[in-house]
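Remarks on the structure that follows.
The values are calculated or read from the model by the stated rules, or taken from the named source; none is laboratory data. Everything quoted here is computed from the prediction, not taken from an experiment. Here the Cβ positions follow ideal geometry from the backbone for every residue, glycine too, while neighbour counts run over all protein chains shown.
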Amino acid sequence: MRIDTEISGVGEIYDLLSNVADREARNLMRATVGGMAGELRDMTREEAPRDTGALKRSIKVKRRKMQGQYVQADVIADRGANDAYYWRFVEYGTIKMAENPFATRALERFKSRQMSILLNQFVKKLEAALKRRGG
């Protein structure tokens, strides 16, 4: 199951930056959205139950390729080495186990703070980009 959320304001920032330098604007927006997904990942890890720690370790950010002006990054429970396929059983419960909606709680916390997270990440990524360019 996917839980999608859209953040308004990103398009306006991208439009503003694309007038200056399109490539830098694209890289800055990808970094900003990736940083926001990183914060959601951290919130989800905080909310996740800890038995063996495999579930917390499996929560990762996966950045996607830009399509036009659409920037996307996913927070996933990676099915790689940790094999935390059971996240959905924890999140939604089973017949024998009560639900523990850790991802939903993290998403609600994120949504309540998304604009401040956006601004913090944008400023942090912009300062890093300017520092790299010597400005």
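Of Arg57, Arg79, which residue is assigned to a helix (DSSP H, G or I) and either out of contact with any Pro (no Cβ under 7 Å at 6 or more places or on another chain) or surrounded by 12 or more Cβ atoms within 10 Å (Cβ to Cβ) (or both)? Lay out the reasoning, then the answer.
Values: Arg79 fails: assigned to a helix (DSSP H, G or I).
Sole residue among the options that is assigned to a helix (DSSP H, G or I) and either out of contact with any Pro (no Cβ under 7 Å at 6 or more places or on another chain) or surrounded by 12 or more Cβ atoms within 10 Å (Cβ to Cβ) (or both): Arg57.
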* Looking at (1) surrounded by fewer than 12 Cβ atoms within 10 Å (Cβ to Cβ); (2) more than 19 Å from the chain's Cα centre (by Cα), which is the one condition that is false for Ser116? -> (2)
* Structure fact -> Given (1) loosely packed, with under 15 Cβ neighbours inside 10 Å; (2) touching a strand residue (DSSP E or B) at 6+ places or on another chain (Cβ under 9 Å), Ala73 misses just (1)
* Asked: Among (1) loosely packed, with under 12 Cβ neighbours inside 10 Å; (2) within 28 Å of Ala31 (Cα to Cα), where does Ala106 come up short?
  -> (1)
* Structure fact -> A careful count of residues in the stretch 82-101 that are in a loop (DSSP other than H, G, I, E, B) and on the phi < 0 side of the Ramachandran plot gives 12
* To do: Considering only residues that are assigned to a strand (DSSP E or B) and touching a Lys or Arg at 6+ places or on another chain (Cβ under 8 Å), look in the stretch 60-70 and name the one that is farthest from Trp87 (Cα to Cα).
  => Arg63
* Going by the structure shown, is Ala31 surrounded by 13 or more Cβ atoms within 10 Å (Cβ to Cβ), modelled with pLDDT under 90 and under 30 Å from Arg132 (Cα atoms)? -> no
* For the stretch 67-106, name all the residues that are free of Cβ contacts under 8 Å to residues at least 60 places away in the same chain, touching a Ser or Thr at 6+ places or on another chain (Cβ under 9 Å) and small (Gly, Ala, Ser). => Ala77, Gly80, Ala81, Ala84
